Amino acid sequence: MVSYTWTGSVNDDASNSGNWSPTGVPANGDDAIFDASSTGNCTWNIPVVGNIRIESTFPHFLDMSANAEIETG
């Protein structure tokens, strides 16, 4: 399991590995974290991952095009 933090530094495409830290795309069992460190919106176009955490400090939009269980914090 890896925890990936959304940066959005390339574009808004969740399947672009350059938009995540560490570089890569979250997969089954991984965590996707959205917090104040992001620089842009996210269009979610990848399969469901382990957990998606959206911090209250996330200042952008997250467009979900796939079903996911979302944990807010």
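When region 15-43 is limited to residues that are hydrophobic (A, V, I, L, M, F, W, C) and modelled with pLDDT of 95 or more, the one that is farthest from residue 62 (Cα to Cα) turns out to be 25.
Could you say which residue among 49, 10 is of a type in the set (A, V, I, L, M, F, W, C), surrounded by fewer than 20 Cβ atoms within 10 Å (Cβ to Cβ) and part of a loop (DSSP other than H, G, I, E, B)?
Working: 49 fails: surrounded by fewer than 20 Cβ atoms within 10 Å (Cβ to Cβ).
None of the other options fit; the residue is 10.
In region 24-46, the residue that is most open to solvent (accessible area, probe 1.4 Å) out of those that are part of a strand (DSSP E or B) and under 13 Å from residue 11 (Cα atoms) is 43.
The values are calculated or read from the model by the stated rules, or taken from the named source; none is laboratory data. Predicted, not measured: the structure shown is a model, and the values here were computed from it. With ideal geometry, Cβ positions are generated from the backbone for all residues, glycine too; neighbour counts draw on all protein chains shown. Please note that ligands, DNA and RNA were not included when accessible areas were found on the heavy atoms of the full protein model with its side chains. Shrake-Rupley method; radii C 1.70, N 1.55, O 1.52, S 1.80 Å.
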